[in-house]
Amino acid sequence: MRRDAAARPPLASRWQRRGNAILVGVAGLLLFLFAWQLAARALPASRMASPLTTARDLAVNFVVAPRLRVFGLGRVGYGELLLYTLRNLVVGLAVGGTLGIVIGVASARLRLLRVLVDPIVLVLGTVPVLVAAPLFLLWFGVAPFTQVLLVALYSAVMMVLFSERAAENLDPTYERWATTFGAGLGARLRFVLIPGALPEILGGLRITLASAWGLETFAEILGAPSGIGQAIKALTNLNNAAGLLACVAIVAIAAIATDMLLLALFGRITRWA
Amino acid sequence: MNVGVNTTEPVLSLRGLSHRFVRNDGSEVRALDDVSLDVLPGEFICILGRSGHGKTTLLNAIAGLQPVERGEVHALGRPVRGPGTDRGVIFQRDSVFPWMRVEENVAFGLRVRGLKRRERLGLAREQLARVGLSAVARAWPRELSGGMRARVAIAAVFATDPPILLADEPFGTLDYVTKRQLQAVLRELWHRSGKTVLFVTHDVEEALMLGTRVIVVGNGAIAEDRAVDLPMPRTDDDLASPQGLALRHLLLRHMGLE
């Protein structure tokens with residue numbers, strides 16, 4: 001029997017498109033490095049380091065960054081500090097994201113839950129991080145839990161909004177069909193609403209992930225026992241432009257890498273789409 | 001020959017169903033107007049009518065998907081308060097889950113009932129074989145044509161073996177050839193299973209080809225309720241017989257076409 005509804009482009013054509021995308025990406029990166037180099041030439045070295053100086057700083061301090069020891073961060077390098085940041089981010093995003101998805105999808109179908117959830121989300125969503133982060137520090141102290149909680153809370157708020165909309169956009173015929181098979185709300189959530197809304201939810205998760213990097217780093221700058229945010233704070237005090245740019249670069253690289261990982265995971269999970 | 005039809009207690013009983021919809025401009029549409037009907041086991045009833053005359057509302061009320069203002073529906077002697085596994089439904093819109101493989105779609109109802117994976121997939125494959133889709137059991141729905149997805153929907157409903165099947169213009173969007181093929185598939189499954197079928201259509205030929213009884217709905221009320229005493233399975237020649245043509249003219253008159 002012929003499968004005729006969704007003919008995919010030939011493999012060679014797909015590879016060609018992928019190759020073109022990589023080429024454009026590399027060209028964009030080169031352009032960015034060129035602009036960076038121009039800026040480094042125009043500004044004094046104390047304010048702007050060149051891409052090469054930054055890369056050298058990153059390589060030298062990746063395992064151990066001696067100048068950070070005086071700030072109470074111990075014998076650590078950018079790599080270990082980034083791991084701390086990454087761990088908090090992953091835990092916060094996993095907890096907050098999961099909660100947000102389940103609450104968001106459920107509240108799209110349960111009026112009472114929505115009446116309860118929407119005002120909370122509205123209030124939490126409008127509280128600026130600049131206000132929430134110091135409060136969290138005050139309440140929970142300088143501990144990893146504080147940053148995890150902040151990331152989890154904001155991730156949950158964002159994912160509730162994305163998931164609510166994703167579930168509302170899903171064709172109601174699927175859910176109606178499921179009910180005719182005897183599926184209750186739990187089964188409809190598990191088998192219909194969440195998987196059906198997943199492509200749109202995952203799009204939201206990418207935006208939430210990008211925001212979570214900023215949140216986590218900012219929370220660490222305000223006060224944390226470790227993390228790349230603490231390194232940024234220390235290097236700012238030292239007026240070390242190369243170190244600062246190295247930390248920004250390492251966060252950017254990690255953010256892009258996690259986004260690519262997430263994208264690959266999405267491709268796998270939503271291969272039906 | 002009316003396969004499986006007997007004269008025992010009705011499997012479906014509708015009493016005084018009435019329902020109105022309110023349009024955005026405040027005006028009212030009477031979708032159901034005091035509809036009463038008894039459906040006997042094994043009947044294949046085609047509900048015929050023009051668009052917007054209450055066919056789908058009637059079917060949804062029987063399915064338990066549409067609460068009505070007045071009246072009662074009883075299925076297998078029990079009052080209908082919502083959807084139930086005694087009434088399988090095939091929708092006009094594509095309802096096959098795109099995120100499940102074909103065999104998982106067919107096994108969905110069995111999964112909800114708690115059947116073990118091996119058991120439910122075995123039953124699903126049996127149904128897929130009956131609708132001629134064994135070769136695409138592991139495919140994604142997006143890889144199938146509209147006609148094949150309609151077969152998947154039929155197989156999914158038959159897999160759970162509901163005594164009553166409700167179909168809301170399931171072939172309405174398909175091309176003529178595919179529609180005829182699927183009519184044959186459904187007729188064959190009905191013939192084997194002896195289920196009671198309520199099939200909504202706006203196609204007079206389809207109603208005459210499939211139904212043991214045709215009910216014409218107009219302005220929310222039953223305008224005609226007629227047994228189709230033509231041989232089963234039917235051919236185009238049967239429809240062209242004097243009896244078939246007389247029925248066709250009668251139905252067309254009710255549809256406002258003659």
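Do any strands (runs of 3 or more DSSP E) entirely within region B:182-235 hold 2 or more residues that are surrounded by 22 or more Cβ atoms within 10 Å (Cβ to Cβ), and if so, which? Full working, then the answer.
Numbers: elements: B:196-201, B:213-218, B:221-227.
Hits in region B:182-235: B:196-201, B:213-218.
Residues of region A:163-173 being surrounded by 23 or more Cβ atoms within 10 Å (Cβ to Cβ) and either over 23 Å from A:Gly97 (Cβ atoms) or out of contact with any Asp or Glu (no Cβ under 7 Å at 6 or more places or on another chain) (or both), which ones?
A:Ser163, A:Glu164, A:Ala167
Quick one: in region B:71-99, which of the residues that are of a type in the set (A, V, I, L, M) and either outside any loop (DSSP other than H, G, I, E, B) or closer than 26 Å to B:Trp140 by Cβ (or both) is nearest to the other protein chains (Cβ to nearest Cβ)?
It comes out as B:Val89.
Which of (1) in contact with a helix residue (DSSP H, G or I) (Cβ under 7 Å, 6 or more places away or on another chain); (2) at pLDDT below 95; (3) within 14 Å of another protein chain (Cβ to nearest Cβ) does A:Pro195 not meet, given it meets every other one?
Condition not satisfied by A:Pro195: (1).
Which one of these does B:Ala61 not meet: (1) crowded, with 22+ Cβ neighbours inside 10 Å; (2) away from every other protein chain (no Cβ under 14 Å)?
(2)
Kindly indicate which of A:Gly125, A:Gly141 is touching a helix residue (DSSP H, G or I) at 6+ places or on another chain (Cβ under 9 Å), more than 14 Å from chain B (Cβ to nearest Cβ) and small (Gly, Ala, Ser).
Going through A:Gly125, A:Gly141 in turn, the sole match is A:Gly125.
Among the residues of region B:100-111, is any at the interface with another protein chain (Cβ under 8 Å from one of its Cβ atoms), surrounded by fewer than 23 Cβ atoms within 10 Å (Cβ to Cβ) and either touching a His at 6+ places or on another chain (Cβ under 7 Å) or polar (S, T, N, Q) (or both)?
Checking region B:100-111: not a single residue is at the interface with another protein chain (Cβ under 8 Å from one of its Cβ atoms), surrounded by fewer than 23 Cβ atoms within 10 Å (Cβ to Cβ) and either touching a His at 6+ places or on another chain (Cβ under 7 Å) or polar (S, T, N, Q) (or both).
So how many residues does region B:112-147 have that are β-branched (Val, Ile, Thr) and either in contact (Cβ under 8 Å) with a residue 60 or more places away in the chain or facing chain A (nearest Cβ under 9 Å) (or both)?
Qualifying residue count for the region: 2.
Taking region B:239-258 on its own, how many of its residues are over 14 Å from B:Val204 (Cα atoms) and either part of a helix (DSSP H, G or I) or in contact with a Phe, Trp or Tyr (Cβ under 6 Å, 6 or more places away or on another chain) (or both)?
Summing the residues that are over 14 Å from B:Val204 (Cα atoms) and either part of a helix (DSSP H, G or I) or in contact with a Phe, Trp or Tyr (Cβ under 6 Å, 6 or more places away or on another chain) (or both) in region B:239-258 gives 2.
Please determine whether any residue of region A:98-121 is without any contact (Cβ under 8 Å) to a residue 60 or more places away in the chain, among the acidic types (Asp, Glu) and within 30 Å of B:Gly88 (Cβ to Cβ).
No: zero hits.
The values are calculated or read from the model by the stated rules, or taken from the named source; none is laboratory data. Keep in mind that this is a model prediction, so the values were computed, not measured. Positions of Cβ are backbone-derived with ideal geometry, glycine not excepted, and every protein chain shown enters the neighbour counts.
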